[in-house]
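Engineer: Submitted below is the structure of interest, expressed as structure tokens.
Please treat every number below as a calculation from the coordinates, not as lab data. Being a predicted model, the structure only gives us computed values, none of them experimental. Note that each Cβ is placed from the backbone with ideal geometry, even for glycine, and that neighbours are counted across all protein chains shown.
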Amino acid sequence: MRKFPLQVSYFKESDPKTAIILFVVLGVLIAILIVLNISKNGIASAGMGSGRKARPRFSRWALKRATSSYGLDSAQTGFLEHVFRKAQVTDPESTMENLEVLDRHLKRAFHEIESNAETEAASEEEKSMLFSIRSAVDAAKGSAERIVTTRKLPDGLAAVLTGPKKETYPTRIISAKGEQLLIEAPKDAVGTTIKFARGTKLNLSFYTKSSQGHRFDSKAVGTVALPSGEAIALAHSERIAPLPSRRHPRREARISCYFSLVQILQRAQGRKTIKETIVDDRRSMGTIVDISAGGCAIKSAAALRTGEYVKLEFDDAQGRVMAAFGRVVRTNKTGAVGGVMHIQFLKTTRKTLNAINATVYGYDQE
């Protein structure tokens with residue numbers, strides 16, 4: 001029997017350069033996965049092997065993604081980062097999407113500024129930055145909000161009713177859930193309910209919380225007696241037209257105020273025209289019924305005429321006197337005497353503007 005020698009085979013030794021390249025590629029892939037995970041969830045607060053699920057920490061990259069969608073600049077983003085880090089926010093994007101949660105953090109920051117700022121000037125500057133952020137979020141959200149049917153309107157929403165002769169009345173939506181839309185019946189100066197014949201053409205306009213305006217045409221269906229008072233029943237509408245968005249969010253209020261007539265005189269001095277502002281010593285009383293950073297509405301028996309200039313004084317929530325100069329853009333008669341002046345602010349201090357914004361967003365309340 002012929003014997004064959006034992007055949008032994010060996011693996012060919014691999015090239016060291018190939019192995020090095022393979023390890024480098026794997027290392028780069030692992031690093032990329034780690035970076036992507038950190039950008040999404042933050043750096044883990046607990047180490048490996050702790051036995052508990054790691055809690056994500058604050059991510060600056062996630063914050064920049066969130067703020068860029070609202071058009072915030074680097075200074076606003078840096079301010080918001082300080083607020084979120086102090087509040088231990090771990091998900092900036094969902095926080096900014098939820099206005100209730102965002103307001104809670106900004107309101108806390110507002111009170112901390114008032115308590116800890118070294119000077120009044122520094123306090124007002126930081127408040128101004130805070131409200132610039134809040135206004136930018138409002139503007140971004142308002143552009144996407146649209147209402148297409150009156151059946152979805154919330155109870156208690158303030159509105160303005162326009163009658164057949166273009167007269168306007170402040171009102172409020174009572175309920176939109178039934179076959180008709182119920183609104184508060186307006187009253188005249190002596191408290192008598194204003195009624196409209198069945199079929200009268202009416203118009204209702206309103207603004208949502210994000211300052212997006214809407215209007216629609218309707219008809220009076222009748223008058224309904226409710227425990228809270230009389231209501232006007234309007235026909236529902238599926239044709240709601242958007243109004244130009246308000247530049248500034250507005251809030252209903254009931255703030256006592258004083259206002260004075262302002263005269264602006266011009267005189268020539270050489271080639272220049274000098275303007276002189278004269279504030280009347282006589283002051284009239286009124287009530288601010290709604291307010292925004294851009295203007296307000298004042299109800300008064302001594303309402304001024306459209307086009308006149310006015311100086312306004314009122315107290316903020318801390319009892320500090322605030323002042324602003326403005327122009328009457330419209331006056332709505334509410335009866336035989338007086339009316340509601342709609343005033344556009346022309347000049348306000350940063351302090352007054354911050355106080356107004358604090359009222360609009362409710363940050364001045366504890």
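Engineer: Output the relative contact order of region 250-361, whole-number percent, from Cα pairs under 8 angstrom with separation of 6+ residues.
Structural biologist: Reported relative contact order: 26 percent.
Engineer: Here's a follow-up. Over 16 Å apart: what share of the alpha carbon pairs of region 250-361 falls there, rounded to a whole percent?
Structural biologist: Cα-Cα pairs of region 250-361 separated by over 16 Å account for 58 percent.
Engineer: Contour minus end-to-end for Glu308 and Ile194, with contour as 0.36 nm per residue of separation and end-to-end as the Cα-Cα distance?
Structural biologist: Result for the pair: 38.1 nm of gain on full extension.
Engineer: If you take the C-alpha gyration tensor of region 60-142, multiply each eigenvalue by 5 and take the square root, what semi-axes do you get, largest first, in whole Å?
Structural biologist: With the √(5λ) rule applied to region 60-142, the semi-axes are 20, 13, 12 Å.
Engineer: For a quick check of your reading of the filter: which trypsin sites (Lys or Arg not before Pro) in region 273-302 sit in a DSSP loop and have no more than 12 other Cβ atoms within 10 Å?
Structural biologist: Sparse-neighbourhood loop trypsin sites (Lys or Arg not before Pro): Arg282.
Engineer: Sort the following peptides by mean Cβ neighbour count (other Cβ atoms within 10 Å, averaged over residues), highest first: 151-160, 248-257.
Structural biologist: So the order, starting with the most tightly packed, is 248-257, 151-160.
Engineer: How large is the dipole of region 203-359 about the Cα centre if only Lys and Arg carry +1 and Asp and Glu carry -1, each at its Cβ, rounded to the nearest 20 debye?
Structural biologist: So the magnitude is around 700 debye.
Engineer: Still on this structure: Between Ala121 and Lys165, how many nm apart are label points set 7 Å from Cα along the C-beta direction?
Structural biologist: About 5.6 nm separates the two model spin labels.
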